[in-house]
Amino acid sequence: MRFLPTPIAGAFVVEQERHADERGFFARTWCANELAAQGLEPALSQCSVSFNRRRGTLRGLHYQAPPFAEVKIVRCTRGAMFDVGLDLRPDSPSFGRWLGVELTAENGRALYLPRGVAHGFYSLADETEVEYQISAPHVPEAARGVRWNDRFHAVEWPGPVEVLSARDRDYPDLLPARLEELRGLVA
């Protein structure tokens, strides 16, 4: 596994080191020892999958409030997606910044997002499937989000949003008034 730094403090693009032969290839997608050696969270509590029927589906921007904040490793196992992390940690040097990475089944890349970084993505292809490896159990009462098109963070999504849940549409903007709620997110 190769860990490439990003503009978001503590977030990394994770590349597979594929070992190929006549059968295809083999690669690790998660290794506690390699994560720990990078100073990253090696705990794994649950794995989840998201299937998105249509190109232009947007999910996010999601996070869990403290003390239930979670680390995520996100990868595309079918199709293609534009994956986004938004730093919500007020004390982070990259607070309010976002990053976007194209993840596809072919490129095998993943995005490692530390606690306090909201996650969202945009499906670049029909029938896109996304796999999540998550450090903490999902706690419905702690589920939060930031509006996908808030002018504060100004994420540049790669196309028109065709499918968006009411929940994601109705999340609040990231306003200074919400900073106190975010103080518990680890930088």
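The values are calculated or read from the model by the stated rules, or taken from the named source; none is laboratory data. Since we're looking at a predicted model, the values are computed, not measured. Cβ: placed from backbone, ideal geometry, glycine included. Neighbour counts: every protein chain shown. Only protein heavy atoms, including side chains, enter the accessible area calculation; ligands, DNA and RNA are left aside. Shrake-Rupley method; radii C 1.70, N 1.55, O 1.52, S 1.80 Å.
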Counting only DSSP beta bridges fully inside the chain, the antiparallel percentage to nearest 5 is 95 percent
Shape of segment 115-170 from its Cα gyration tensor (a ≥ b ≥ c, root eigenvalues): rounded if a/c is under 1.5, otherwise prolate when a/b > b/c, or oblate?
oblate
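Tell me, what does the Kirkwood hydrodynamic radius of segment 26-108 come to in angstroms if you use every pair of distinct C-alpha atoms?
Working: mean 1/r = 0.0665 Å⁻¹.
Roughly 15.0 Å, rounded to one decimal.
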For the modelled label position 7 Å from the Cα of TRP30 along Cα-to-Cβ, which residues of segment 62-80 have backbone nitrogen atoms closer than 11 Å?
72-75
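How large is the dipole of the chain about the Cα centre if only Lys and Arg carry +1 and Asp and Glu carry -1, each at its Cβ, rounded to the nearest 20 debye? Mind dumping the intermediate values first?
Numbers: 22 positive and 25 negative charges, 37 e Å.
Charge dipole of the chain: 180 debye, to the nearest 20.
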Can you bin every Cα-Cα distance in the chain into 5 Å intervals starting at zero and give me the percent of pairs per bin, rounded to whole numbers?
1, 8, 17, 21, 22, 16, 9, 4, 1, 1, 0, 0
Just name one of PHE68, THR128, ASN149: the one whose Cα is farthest towards the positive end of the charge dipole of segment 38-170 (beta-carbon charges, Lys/Arg +1, Asp/Glu -1).
ASN149
Among TRP30, MET81, HIS19, which residue has its Cα furthest toward the positive end of the charge dipole of segment 1-85, with +1 on Lys/Arg Cβ and -1 on Asp/Glu Cβ?
MET81
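Given contacts defined as C-alpha pairs under 8 Å and at least six residues apart, what's the relative contact order of segment 1-126, whole-number percent? Spell out each step's value before the answer.
Details: 246 pairs, mean separation 40.8, N = 126.
About 32 percent, as a whole number.
Calculate, for the chain, the solvent-accessible area per residue in square angstrom, rolling a 1.4 angstrom probe over the heavy atoms of the protein chains.
Each residue of the chain exposes 49 Å² on average to a 1.4 Å probe.
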Once you place label points 7 Å from the Cα toward the Cβ at GLN38 and ALA20, how far apart are they in nm?
2.2 nm
